[in-house]
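The values are calculated or read from the model by the stated rules, or taken from the named source; none is laboratory data. Just so we're clear, the structure is a prediction, and the values are computed from it rather than from any experiment. Quick reminder, even Gly has a Cβ in these numbers, built from the backbone with ideal geometry, and neighbours come from all protein chains shown.
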Amino acid sequence: MKIEIDVPDGVSGDWKVETFEITEEKAKFENMRASFSPGGASRWVEAGVYKKLTRKGQCIMSNTRAEIDDHMDFISRATGSILINGLGLGVALTEILKKPNVHNVTIIELSPDVIKLSGPTYLKDERVQIIEADAFAYQPPKGMRYDVCFHDIWDNICADNLPEMAKLHRKYGKRCDWQGSWAKDMCQYHASQEKRESRRWAGIR
């Protein structure tokens, strides 16, 4: 599955949206390297032309296969009234807006630069509202309830994200029917690996 992104290339502050290409040779190299990593098959890439969002040169999001796979559970569940913490390139947003049973989408995004780059593309759809705010500080309107909430505010997949994920899940636990966080299962896997490694070294000492 490929999700085409209509956000135009551009730069705002430390953020940049740009088109890039993964050649067949580059895809083979990256997939060979991934095959030696636990769970690496889920991060495989395919040759093609893509979009990416970077901050100070670091890739934060793209519409490559791995990114899309990370969002498929959310995309499949998206219906009714939805809240998304984090705008980014709007990969999952692009796909859920194709669904007629998605009635409205509220997006909380901290960076005005990201809103400047990606926002205009999605605000063309009257169902979309983008609010510049911190995901942890934002308070939904009194009595507001969502069918689905999704949290996608982290730059990397790592165990350090889990406490913040837990905080957001507690915050919206009674405000939605279902919620998820980007790559939560992989973060939990990394946490278990780190814990196992810590115990192993403690045993040696």
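A few notes on this one:
- PRO163 being surrounded by fewer than 20 Cβ atoms within 10 Å (Cβ to Cβ), of a type outside the set (D, E, K, R) and in a helix (DSSP H, G or I): yes
- Residue list for the range 113-128, restricted to those being in contact (Cβ under 8 Å) with a residue 24 or more places away in the chain, farther than 18 Å from SER81 by Cβ and not polar (S, T, N, Q): ASP113, VAL114, ILE115, LYS116, LEU117, GLY119
- Close pairs (9 angstrom Cβ cut-off, 6 or more residues apart or separate chains): farther than 12 Å from ALA183 by Cβ in the range 58-75, among the hydroxyl-bearing types (Ser, Thr, Tyr) anywhere: ILE60/THR54; SER62/TYR50; ASN63/TYR50; ASN63/THR94; THR64/TYR50
- Selection from the range 166-186 of residues that are assigned to a strand (DSSP E or B) and either free of Cβ contacts under 8 Å to residues at least 40 places away in the same chain or within 14 Å of the chain's Cα centre (by Cα) (or both): ASP177, GLN179, GLY180, SER181
- Flag if VAL148 is touching a Cys at 6+ places or on another chain (Cβ under 8 Å), modelled with pLDDT of 95 or more and within 20 Å of TRP182 (Cα to Cα): yes
- Qualifying residue in the range 38-61 (condition: surrounded by 21 or more Cβ atoms within 10 Å (Cβ to Cβ), in the same structural domain as LYS171 (by TED's automatic domain parsing) and under 14 Å from the mean Cα position of the chain (by Cα)): no
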